[in-house]
Amino acid sequence: MMEPSGAGPPNDDHRIARPASWTLHSRRRALREQDFQTIGVRSHAEIALAVRDPRPRCGCRVSQPADDVKPPPAGYRHWFHVNTMIIDKASPLFKDLGGMHNVYVNSVGEAALKKGGPYPDKSMFVTDLHDFTVSDGSYVEGARKGLAVMMKDSKKYASTGGWGFQFWEGGDPKKPQVTDAAKQCFACHQPKKDQDYVYSTYIP
């Protein structure tokens, strides 16, 4: 739910097997214990962090791994914009998560977002993570660092709360970084079970 150098996750709420240049999944505790808020925008940890004990606790069996999520449709930037979070050098999370996190949700998940969940199958969150510069006190979006996705399929991803996760370095479909979604992503979302494991909240 989208810092380092390279490609990197909000997310809203939104933080992934570590590439040499960058990883989003290295600060699970920090995201669980800190409510990000930059320029008045609440955070979205759609991109989760590694955890000490990542084993799923639901006892469910899953037909497919939760890291087999495909890249989002090309038009995701026309979806509902959930929020934007900026992690700058003043944050202790900048090394792993620094950047501008633009979070979107598709039309299937939009209504559920406004109600606070639960989310129906086919709901999808996308965190579009970018570099940024600061010019005269203004944050200016830069090059893309990566794309993170949460995709709802309650049966397919039963062991991870019904959600599949993936992050693509630089937004390149050939560079997925999540190899164990339960360990790298879902464990961080477990504290938000009452919101269907989603950190993002609706901001009117």
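The values are calculated or read from the model by the stated rules, or taken from the named source; none is laboratory data. These figures come from a predicted structure and were not determined experimentally. Please note: Cβ atoms are built from the backbone with ideal geometry, for glycine as well, and neighbour counts cover all protein chains shown.
Going by the conditions given, is ASP131 among the acidic types (Asp, Glu), surrounded by fewer than 20 Cβ atoms within 10 Å (Cβ to Cβ) and in a loop (DSSP other than H, G, I, E, B)? It is false that ASP131 is among the acidic types (Asp, Glu), surrounded by fewer than 20 Cβ atoms within 10 Å (Cβ to Cβ) and in a loop (DSSP other than H, G, I, E, B). Can GLY99 be described as surrounded by fewer than 21 Cβ atoms within 10 Å (Cβ to Cβ) and either modelled with pLDDT under 90 or over 16 Å from ALA66 (Cβ atoms) (or both)? Criteria not met by GLY99.
Based on this model, can you work out whether SER91 counts as among the hydroxyl-bearing types (Ser, Thr, Tyr) and more than 18 Å from GLU141 (Cβ to Cβ)? So SER91 fails the test. Scoring LEU31 on the criteria (1) hydrophobic (A, V, I, L, M, F, W, C); (2) in a loop (DSSP other than H, G, I, E, B); (3) modelled with pLDDT under 90 leaves a single failure, condition (2).
Checking the stated criteria, GLN166 turns out to be buried (at least 24 other Cβ atoms within 10 Å of the Cβ), of a type outside the set (Gly, Ala, Ser) and closer than 12 Å to PRO71 by Cβ. When region 115-126 is limited to residues that are modelled with pLDDT of 95 or more and not in a loop (DSSP other than H, G, I, E, B), the one that is surrounded by the fewest Cβ atoms within 10 Å (Cβ to Cβ) turns out to be MET124.
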